[in-house]
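Working notes, beginning with the structure itself.
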């Protein structure tokens, strides 16, 4: 195997592939990136056994072949090179990286020790607009559970039917729901690892095009021009989220998102570091955000509109801020029932999309 | 006005209580032991047993070799707690500032009581008389301008003694006193200080406070003050207790166990106890830690943070089981299991969107009420039924506070 490549192109591709490399692994070879060279094309691949990614680029190929090299070391070496032309070559058990002023050698592992990258079986596939997918993931991925014990909640639940695409995530404390209209008729209901979708939207950037999506019973694949991401679906069934979205939250608070966010940021400096508890007293025209702990106390008064007399609700300031940051209109609305039941947070309804967050208040006794 | 703090330490407390409860033990060497049979260790021994070299913490087997005619008595925490509470009540006659430090120790700030009782000596004599008369227990009293020096003083004259260390005594005492004798400096810290050539109180005082602070943070600054014989911490009456940082229980088995099912049941039993204690003080925690000690004394502990604040024993168990499965070596003999819950909060709860938390609360409160009235584990999970669980569990715990 022997090819020449421009540093910037190689670095861009390596960065993408390396994002899939597992943080910790007992299988040494999973820390490696696989390089396959055929005709004029170089293909880089990585997998953490749940998600695999491969990406290709055209370049000057001198000799075909394939090998695996330590992924992060490869990336770090290329990252710090000046703009240049790089030659990559296999010499015995090493991969040699050479440019006009230096040479690096990395121990290689042959590809037969590398796990097989899975293929999607069957013919199910449909196109999906990249901008809609990106929005859906950006608005929901943060609320997925990070607890190892709750696998069903660790994924992004994606349900498409009747020209609607719905993405939902929850960790039991908060829930994110994003719905948008799509032109194509398609039905799919899957639970996808967030890392796969995060990597995907990170790569597509602001470009607008249709992503070809293939799926079978256990996997889903996203096919772009030069890059493929295949993810193993989470088998555990996502809970019935519809039953926890309240329908009788009649008390409506409207407030400036920016002002509330800034107040929370300051007040929460004084909040308990474990619970992040802040209280919000809501009156028809004003609202008070406050907390008091051994660290001191803080309070801020803001203007708002509220359609009821008064209520006090306690929130985890960091969850609330996270949600407020993900809403994007200037005015946000809280739909409240009681201080002990889930509160809906949303902004003005848009034509083709619906965004709802649910947050469980903190109950004090 | 300078503070006057007393540290009162009951002498051979468990053994004295046993001798008082059973007069035939009076004047004889008594060993109070924990654990089952001869696998346990000495918890306390009476002063009659001490000349033979019987000390707290040594294995019972060894203790009986040293003093073959000693009478072995199993620990009975509820008895000691009962007596302890009554003794603490005596202290409250002399000052409201009583900090119960353990079942047999307390700090008293008597600065404000001097006008009422004329002198410190008078207070000390009266307290000693009261305890001796009512419970047959003697105590050592230490007096100082703060808790640190009072505690040091009480260890100087044992049993039934009295000693004082005032600030002016510190300079000529501190060169002789090893850091390990200061309350709050355990074996780990002693070793770590040793690496800096700090072995005595004087070394601690002479070490640059910034070096200590750099190495140990806030503790470092406190250590420096300790070296100077200073301790600004107040005597905190029990109703001002700082909230606990974690709560846990552990058990050493009568015989080593490798059967996973049995270990699971023990885990549940311990978890239920922790849950019950948390609920008593209206606390919840969001980190569960499991400790396992194998028969060769290798000990492993692992913790995991969860999103929810829990105080339900079964939830603690489920989380603990997952942690335990991640590291427990199958077929290996286990000697001790420990469960603890940390990152505690008081009086707050963040319910899960997908659970009916009010139902859980009602259930737990109903079960607690029954167990309050008819005794612990009157109502329990079916997994805890059966005789052999009682065989494994042998009085290893302090009573629920």
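Restrict the check to segment A:330-340 and report whether at least one residue is within 14 Å of another protein chain (Cβ to nearest Cβ), closer than 18 Å to residue A:246 by Cα and in contact with a helix residue (DSSP H, G or I) (Cβ under 9 Å, 6 or more places away or on another chain). Break it down stepwise before answering.
Of all residues in segment A:330-340, those within 14 Å of another protein chain (Cβ to nearest Cβ) come to A:337-340.
Right, trim to closer than 18 Å to residue A:246 by Cα and you get A:337-340.
Within this subset, residues satisfying the condition of being in contact with a helix residue (DSSP H, G or I) (Cβ under 9 Å, 6 or more places away or on another chain) are A:340.
Scanning segment A:330-340, I find at least one residue that is within 14 Å of another protein chain (Cβ to nearest Cβ), closer than 18 Å to residue A:246 by Cα and in contact with a helix residue (DSSP H, G or I) (Cβ under 9 Å, 6 or more places away or on another chain), so the answer is yes.
Looking only at segment B:1-59, which residues are under 18 Å from the mean Cα position of the chain (by Cα) and at positive phi?
Listed by number, the residues that qualify are B:12, B:35, B:57.
If you check residue A:92 against the conditions, is it free of Cβ contacts under 8 Å to residues at least 12 places away in the same chain and at positive phi? Don't jump to the end; show me each part of the working.
Details: free of Cβ contacts under 8 Å to residues at least 12 places away in the same chain: yes; at positive phi: yes.
So residue A:92 passes the test.
Here is a yes/no grid of residues against (1) part of a helix (DSSP H, G or I); (2) in contact with a strand residue (DSSP E or B) (Cβ under 7 Å, 6 or more places away or on another chain); (3) surrounded by 15 or more Cβ atoms within 10 Å (Cβ to Cβ):
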{"site": "B:122", "(1), (2), (3)": "yes, no, no"}
{"site": "B:163", "(1), (2), (3)": "no, yes, yes"}
{"site": "B:172", "(1), (2), (3)": "yes, no, no"}
{"site": "B:183", "(1), (2), (3)": "no, no, yes"}
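Name the residues in segment A:1-48 that are assigned to a helix (DSSP H, G or I) and touching a helix residue (DSSP H, G or I) at 6+ places or on another chain (Cβ under 8 Å), would you?
Start the filter on segment A:1-48 by keeping residues that are assigned to a helix (DSSP H, G or I), which leaves A:7-18, A:28-31.
The answer is A:7, A:10, A:11, A:14, A:15, A:16, A:17, A:18, A:29, A:31.
Residue by residue through segment B:330-356, note down the ones that are assigned to a loop (DSSP other than H, G, I, E, B) and either out of contact with any strand residue (DSSP E or B) (no Cβ under 7 Å at 6 or more places or on another chain) or within 11 Å of chain A (Cβ to nearest Cβ) (or both). Quick ask: steps written out before the conclusion?
Of the residues in segment B:330-356, the ones assigned to a loop (DSSP other than H, G, I, E, B) are B:330-333, B:347, B:350-356.
Correct list: B:330, B:331, B:347, B:350, B:351, B:352, B:353, B:354, B:355, B:356.
Restricting to segment A:341-365, and then to whatever is part of a strand (DSSP E or B), within 14 Å of another protein chain (Cβ to nearest Cβ) and without any contact (Cβ under 8 Å) to a residue 60 or more places away in the chain, can you tell me which residue is surrounded by the fewest Cβ atoms within 10 Å (Cβ to Cβ)? I'd like the intermediate steps shown before the answer.
At the first step, the residues of segment A:341-365 found to be part of a strand (DSSP E or B) are A:343-347, A:353-359, A:362-364.
Cutting the leftovers down to within 14 Å of another protein chain (Cβ to nearest Cβ) gives us A:343-345, A:356-359, A:362-364.
Next, only the ones that are without any contact (Cβ under 8 Å) to a residue 60 or more places away in the chain stay: A:345, A:363.
On the way: A:345: 23, A:363: 19.
Only one residue tops the list, namely A:363.
Among the residues of segment B:263-280, is any exposed (fewer than 15 other Cβ atoms within 10 Å of the Cβ) and under 30 Å from residue A:365 (Cβ atoms)?
Step one: list which residues in segment B:263-280 are exposed (fewer than 15 other Cβ atoms within 10 Å of the Cβ), which gives B:280.
Next cut, under 30 Å from residue A:365 (Cβ atoms) only: B:280.
Within segment B:263-280 (the criterion being exposed (fewer than 15 other Cβ atoms within 10 Å of the Cβ) and under 30 Å from residue A:365 (Cβ atoms)), the answer is yes, since at least one residue qualifies.
In segment A:255-333, which strands (runs of 3 or more DSSP E) lie fully inside it and hold 2 or more residues that are within 21 Å of residue B:349 (Cβ to Cβ) and in contact with a strand residue (DSSP E or B) (Cβ under 8 Å, 6 or more places away or on another chain)?
Values: elements: A:277-282, A:286-293, A:296-303, A:311-316.
Strands (runs of 3 or more DSSP E) meeting the threshold: A:277-282, A:286-293, A:311-316.
Of all residues in segment A:217-248, count the ones that are away from chain B (no Cβ under 14 Å) and either closer than 26 Å to residue A:149 by Cα or not in a loop (DSSP other than H, G, I, E, B) (or both).
From segment A:217-248, those away from chain B (no Cβ under 14 Å) are A:217-235, A:247-248; that's our starting set.
With either closer than 26 Å to residue A:149 by Cα or not in a loop (DSSP other than H, G, I, E, B) (or both) added as a condition, the list becomes A:217-223, A:227-235.
Total meeting the criteria: 16.
For segment B:220-230, state whether one or more residues are closer than 30 Å to residue B:376 by Cα, touching a residue at least 60 places away in the same chain (Cβ under 8 Å) and in contact with a strand residue (DSSP E or B) (Cβ under 9 Å, 6 or more places away or on another chain).
Of the residues in segment B:220-230, the ones closer than 30 Å to residue B:376 by Cα are none.
Among the residues of segment B:220-230, not one is closer than 30 Å to residue B:376 by Cα, touching a residue at least 60 places away in the same chain (Cβ under 8 Å) and in contact with a strand residue (DSSP E or B) (Cβ under 9 Å, 6 or more places away or on another chain), which makes the answer no.
Answer yes if at least one residue in segment A:176-194 is within 14 Å of chain B (Cβ to nearest Cβ) and either assigned to a strand (DSSP E or B) or modelled with pLDDT under 95 (or both), and no otherwise. Steps first, answer last, please.
Within segment A:176-194, the first condition is being within 14 Å of chain B (Cβ to nearest Cβ), and the residues that meet it are A:176-177.
Pick out the ones that are also either assigned to a strand (DSSP E or B) or modelled with pLDDT under 95 (or both) and you get A:176-177.
Yes; the residues of segment A:176-194 include at least one that is within 14 Å of chain B (Cβ to nearest Cβ) and either assigned to a strand (DSSP E or B) or modelled with pLDDT under 95 (or both).
Mind listing just one residue for me: the one in segment A:123-169 that is more than 22 Å from residue A:204 (Cα to Cα) and touching a helix residue (DSSP H, G or I) at 6+ places or on another chain (Cβ under 6 Å) and, of those, surrounded by the fewest Cβ atoms within 10 Å (Cβ to Cβ)?
That would be A:149.
Criterion first (modelled with pLDDT of 85 or more, out of contact with any helix residue (DSSP H, G or I) (no Cβ under 6 Å at 6 or more places or on another chain) and farther than 30 Å from residue A:239 by Cα) does residue B:363 satisfy it? Steps first, answer last, please.
On the way: modelled with pLDDT of 85 or more: yes; out of contact with any helix residue (DSSP H, G or I) (no Cβ under 6 Å at 6 or more places or on another chain): yes; farther than 30 Å from residue A:239 by Cα: no.
Judged against the criteria, residue B:363 is not a match.
Given the criterion at positive phi and surrounded by 13 or more Cβ atoms within 10 Å (Cβ to Cβ), identify the matching residue among B:381, B:335, B:343.
Working: B:381 fails: at positive phi; B:335 fails: at positive phi.
Checking each option against the conditions leaves just B:343.
Would you mind finding the one in B:297, B:327 that is surrounded by fewer than 20 Cβ atoms within 10 Å (Cβ to Cβ), within 14 Å of chain A (Cβ to nearest Cβ) and touching a residue at least 24 places away in the same chain (Cβ under 8 Å)? Show your work before the answer.
Values: B:297 fails: within 14 Å of chain A (Cβ to nearest Cβ).
Just one listed residue meets the conditions, B:327.
If you go through segment B:310-321 one residue at a time, do you hit one that is part of a strand (DSSP E or B), modelled with pLDDT of 90 or more, surrounded by 15 or more Cβ atoms within 10 Å (Cβ to Cβ) and within 14 Å of chain A (Cβ to nearest Cβ)? I'd like the intermediate steps shown before the answer.
From segment B:310-321, those part of a strand (DSSP E or B) are B:310; that's our starting set.
So of that shortlist, the ones also modelled with pLDDT of 90 or more come out as B:310.
Then drop every residue that is not surrounded by 15 or more Cβ atoms within 10 Å (Cβ to Cβ), which leaves B:310.
Still in the running and within 14 Å of chain A (Cβ to nearest Cβ): B:310.
Yes, that holds for at least one residue.
Tell me the helices (runs of 4 or more DSSP H) entirely within segment B:192-232 that contain at least 1 residues that are closer than 18 Å to residue B:151 by Cβ and at pLDDT below 85.
Details: elements: B:201-206, B:209-216, B:218-227.
Fully inside segment B:192-232 and qualifying: B:201-206, B:218-227.
May I ask you to say which residue of A:264, A:260 is closer than 30 Å to residue B:245 by Cα and away from chain B (no Cβ under 14 Å)?
A:264
The values are calculated or read from the model by the stated rules, or taken from the named source; none is laboratory data. The structure displayed is predicted, hence computed values, not measured ones. Using ideal geometry, Cβ is built from the backbone for each residue, glycine included, and neighbour counts are taken over all protein chains shown.
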